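> Submitted below is the structure of interest, expressed as structure tokens.
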Amino acid sequence: MINNIKTQSQIAIKTPTMSMEPIVYDPKRILVSGELHPLLSQKVESLLIEARAEGLDVFLFEGHRSFERQDELYNQTPKVTNAKAGQSYHNFGLAADVIFHDESQQPSWNAEHDWERLGDIGKKHGLIWGGSFGDKPHFVLSKNLPVNDVYDIFKNEGKDVLWQKVVNYEV
């Protein structure tokens, strides 16, 4: 099922309502948390459903990250990310990480998984795939707003204005 939400410019965005095995592909219920841009939630859910239908055992691992969590990951050894707080689309609800389960249903980043197919499915649904820059689980909504611009809009105008501008760039 899909609910329609109208944005300020009356562009319909569909928000997922977790109709198909949500515990399997979204165990943390990230898609319905309100922390991801609704258009990203819709596209990621479509990606997950199609990938699972093709036999890829994937799930949504992470979406929005606080600035504190971003810095935590940045400071980890070995390094998990090259982006500090405010330099990641995750900080603004515009990115999500989709990963595989291993044989024991634990999170897996193993290179032997079919990351290329996962990336192709994500691109088919209008997402930018991080595999092109070495971050295979990573999918981003906005291709036209550099993260520095995203940060400035967020800081100066707030999340609602940022999310509206992302919709206007995407449509």
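> Using modelled amide H (1.01 Å from N, peptide plane; none on Pro or chain starts), what sits under 5 Å from the amide H of Glu62, excluding residues fewer than 5 places away?
Residues meeting the amide H criterion: Asp97.
> Of the listed pairs Lys43/Lys123; Lys123/Lys143; Lys143/Lys165; Lys84/Lys123; Lys28/Lys159, which have alpha-carbon separations greater than 20 Å here?
Lys84/Lys123; Lys28/Lys159
> Per residue, how large is the accessible surface of segment 34-164? Use a 1.4 angstrom probe and give square angstrom.
It amounts to 48 Å² per residue over segment 34-164.
> Sticking with this structure for a sec: With θ taken as phi - 60° and the coefficients 6.51, -1.76 and 1.60, list the Karplus ³J(HN,Hα) couplings across segment 40-55 in order, rounded to whole Hz; mark glycine and proline as x.
3J(HN,Hα) across segment 40-55, in whole Hz: 5, 4, 4, 5, 5, 4, 4, 4, 4, 5, 5, 4, 5, 5, 8, x.
> What whole-number distance in Å separates the alpha-carbon centres of segment 59-87 and segment 94-125?
The two parts, judged by their Cα centres, are 18 Å apart.
> Taking the highest mean first, how do the peptides 51-60, 89-98 order by number of other beta carbon atoms within 10 angstrom per residue? If you can, show how the numbers build up before the last one.
On the way: 51-60: 17.3, 89-98: 25.5.
Averaged packing, sorted descending, gives the order 89-98, 51-60.
> How much length is gained if the chain between Asn168 and Phe67 is pulled fully straight, taking 0.36 nm per residue apart and subtracting their Cα-Cα distance, in nm to one decimal?
33.8 nm
> Here's another thing I want to ask about it. Say a paramagnetic label sat at a point 7 Å from the Cα of Asp114, along Cα to Cβ; which residues of segment 50-67 have their backbone N under 19 Å from it?
50-60
> In addition: Could you tell me the largest-minus-smallest coordinate of the C-alpha atoms of segment 93-157 on each of the three principal axes, in descending order and whole angstroms?
That works out to 46, 22, 18 Å along the principal axes.
> Can I ask one more? Considering only protein heavy atoms and a 1.4 Å probe, what is the carbon-and-sulfur percentage of the accessible area of segment 114-171?
Looking at segment 114-171 in its full context, I get 48 percent from C and S.
> Using the Karplus curve 6.51 cos²θ - 1.76 cosθ + 1.60 with θ = phi - 60°, work out ³J(HN,Hα) for each residue of segment 64-74 in order, rounded to whole Hz, and write x for Gly and Pro.
4, 10, 5, 4, 5, 5, 4, 5, 4, 5, 4
> Step by step: find N for segment 24-95, compute 2.2 N^0.38 Å, then divide the Cα radius of gyration by it. What's the final number? Show your work: numbers first, answer last.
On the way: Rg = 13.3 Å, N = 72, 2.2 N^0.38 = 11.2 Å.
Dividing the Cα radius of gyration by 2.2 N^0.38 Å gives 1.19.
> Mind ranking Phe100, Phe154 by accessible surface for me, highest first, 1.4 Å probe?
Highest to lowest solvent-accessible surface, that is Phe154, Phe100.
> Here is a further query. Can you list the HN-Hα couplings for segment 95-109, worked out from phi with the Karplus curve (6.51, -1.76, 1.60; θ = phi - 60°), rounded to whole Hz and with x for Gly and Pro?
After applying 6.51 cos²θ - 1.76 cosθ + 1.60, I find 9, 9, 10, 10, 10, 9, 8, 8, 4, 9, 6, 9, x, 9, 10 Hz.
> What value does segment 62-171 have for Rg/Rh, both radii from Cα atoms and Rh as Kirkwood defines it? Could the numbers behind the result be given before it?
Working: Rg = 14.7 Å, Rh = 14.9 Å.
My calculation puts Rg/Rh at 0.99.
> Would you mind calculating the relative contact order of segment 41-171 from Cα pairs under 8 angstrom and at least 6 residues apart, reporting the percent as a whole number?
23 percent.
The values are calculated or read from the model by the stated rules, or taken from the named source; none is laboratory data. Note that the structure is predicted; figures quoted are calculated from it, not measured. Backbone-built Cβ (ideal geometry, glycine too); neighbour counts: all protein chains shown. Only protein heavy atoms, including side chains, enter the accessible area calculation; ligands, DNA and RNA are left aside. Shrake-Rupley method; radii C 1.70, N 1.55, O 1.52, S 1.80 Å.
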